[in-house]
Amino acid sequence: MRCLLSVLLGLTVFTGRAQQPDFTPTWSKGVVWYQIFPERFRNGDPGNDPQVSDQRGAYPFNDSSAFQIHPWGSDWYELQPYERQNGHNVGYNIQRRRYGGDLQGILDKLDYLQKLGVDALYLTPIFWSPSSHKYDELCYHHVDPTFGPDPAGDKKLLATEDPLKPETWVWTKADLLALQLIDEVHRRKMHIIFDGVFNHLGARSFAFQDVEKNQQASPYADWFTVKSWRNPATGTKFEYSGWFGVKTLPELREDSTGLVAGPREYIFNATRRWMNPMGKGAAHGIDGWRLDVAYDVGHPFWKKWRKLVRSLNPQAYLTAELVDPIEKTRPYLRGDEFDATMNYNFAFAVHDFFVQEAKASTGTQFDQRLRALREAFGPGVALNMMNLVDSHDATRIASAVANPDSPPMADWGKYFNWSQKSNNPAYNARRPTAEQRQKQKLIAAFQV
């Protein structure tokens, strides 16, 4: 295997075929990324720990049962005493757990991350949200108050502004701590990108709450894909589209020109806020964005948005969550939308070759798949791809190597269901063996 690895690493040259011009940033080529899920990274400030009321509106919709900050390092599958009181199983309680991770925790570990050889940080969503994952954001222009030093004070401050008027937007202490984090990252000659969730907002967002209350009279009435308005006289219910059918994630409305004017301008203003904070310039703003479910937002919006982003910072990096084959991915990577993707096609190939055993692909097949990915979009894109082997949305590689000969990872629905202990009692939910750890290290070495 080690000899084969050396051969495969030697195949990372590009062919001499004509390639499209390089439109990608210079700094992001070949960098080592470190993904941070802030709520689960480190509790740097126990004084801002979330309260049970902070998860109001998030699944499993229980903000009344006993609650406490979950103990770090505890067994994932073991219910804590406070959890046993609600009578529900571990799957239910996992959704209620909060560990208290925050921005101070990231600041505290920047030197450690730099020593690891990390060049750039990708933060999953940090904007205000009731969930632990924060893909159900209440807004795009404020950091979650529980990630900063003064949650109560920040919430009072937020009540003073008009979301439709950027000139009224305040800078909370959590926002300011995010700016400090950006500056500290840059001081170490590292880079940082935020997660943009522009396909939908959370059901408790300022805009959707107003629509639910005021219906057609809401100034945000045209922001969402509404199927029917509430009408007591006819008995008609208020119905709308949620992403993937999830009602806590109302989708923003699009027409032939992309996202409609209201949400588009709001997103543009939030983009300016984080890329040029307080008008101080790009040096004090984030270095780019990872775009959630980019495949569910039309091309016209991304083209307009990229122009704005590059006008704010010509070296900004834009990477998209896309899980499609090469031909369906190609339209996003022509220089007018994104610079790269979260390269799940790389992950699929790695799993088929390294993780699988009896079902493993051959070295020739693996090489062909990697070559196709390298040559599909030009060397600039290839050097900017996030070549992941797992993520917050996918089975962690340690779990994968402990469960070889799974369904193909690329067959995501089947693979996901198979990899859930609740669906598959035979799934090994414990740590890998020493031999499997060696395989995991080999995968990490290849990935770099």
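Miscellaneous remarks
- Within a straight-line Cα-Cα reach of under 17 Å, Lys189 can be paired with the following lysines, leaving aside sequence neighbours fewer than 8 residues apart in one chain: Lys29, Lys109, Lys115.
- Taking every alpha-carbon pair within the chain, the share separated by more than 27 Å comes to 58 percent.
- Cross-link reach is defined here as a Cα-Cα straight distance under 30 Å, omitting same-chain residues fewer than 8 places apart; for Lys213 the lysines meeting it are Lys134, Lys155, Lys156, Lys165, Lys173, Lys227, Lys237, Lys247.
- The label-point distance for Lys213 and Arg396, in a model that sets each label 7 Å from Cα toward Cβ, rounds to 4.1 nm.
- Between Arg437 and Gln114, the modelled label-to-label distance comes to 3.0 nm, taking each label 7 Å out from Cα in the direction of the beta carbon.
- The relative contact order of the stretch 154-274 comes to 19 percent, based on Cα pairs under 8 Å that sit 6 or more residues apart.
- FRET efficiency, Thr257 to Arg334 (Cβ-Cβ, R0 25 Å, nearest 0.05): 0.85
- Applying 1/(1 + (r/R0)^6) with r as the Cβ-Cβ distance of Phe416 and Lys227 and R0 = 22 angstrom yields a FRET efficiency of 0.20.
- Choice from Arg42, Arg264, Arg371 with maximal GNM fluctuation in the chain (Cα, 10 Å cutoff): Arg371
- Model label points for Arg56 and Asn89, set 7 angstrom from Cα along the Cα-to-Cβ axis, are 3.0 nm apart.
- In range of the label at Tyr77: residues from the stretch 413-448 whose backbone nitrogen is under 16 Å from the point 7 Å along Cα→Cβ: 418-433
- Candidates Glu83, Glu435, Glu251: whichever shows maximal mean-square fluctuation once the chain is modelled as a Gaussian network with Cα springs under 10 Å: Glu435
- Going from the residue with the fewest nearby Cβ atoms within 10 Å to the one with the most, Ser65, Ser131, Ser74, Ser205 rank Ser74, Ser65, Ser131, Ser205.
- Taking 0.36 nm per residue of separation and subtracting the Cα-Cα distance, full extension of the segment from Asn423 to Phe238 would add 63.2 nm.
- The slack between Val448 and Arg187, meaning 0.36 nm per residue of separation minus the straight C-alpha distance, is 91.5 nm.
- DSSP assigns beta bridges within the chain; of those with both partners inside it, close to 35 percent run antiparallel.
- For the stretch 400-423, backbone nitrogen atoms closer than 17 Å to the point 7 Å from Phe37 Cα along Cα-to-C-beta are found at 400-401, 416-417, 419-422.
- Contact order, relative form, for the chain: 14 percent (alpha carbon pairs under 8 Å, 6 or more residues apart, mean separation divided by residue count).
- Radius of gyration and Dmax over the Cα atoms of the stretch 223-319, both given in Å: 16.7, 56
Bear in mind that the values in this text are calculations on the coordinates, not laboratory data. Just so you know, these numbers come straight off a predicted model, no measurement behind them. Ideal geometry is used to build each Cβ from the backbone, glycine not excepted, and the neighbour counts take in all protein chains shown.
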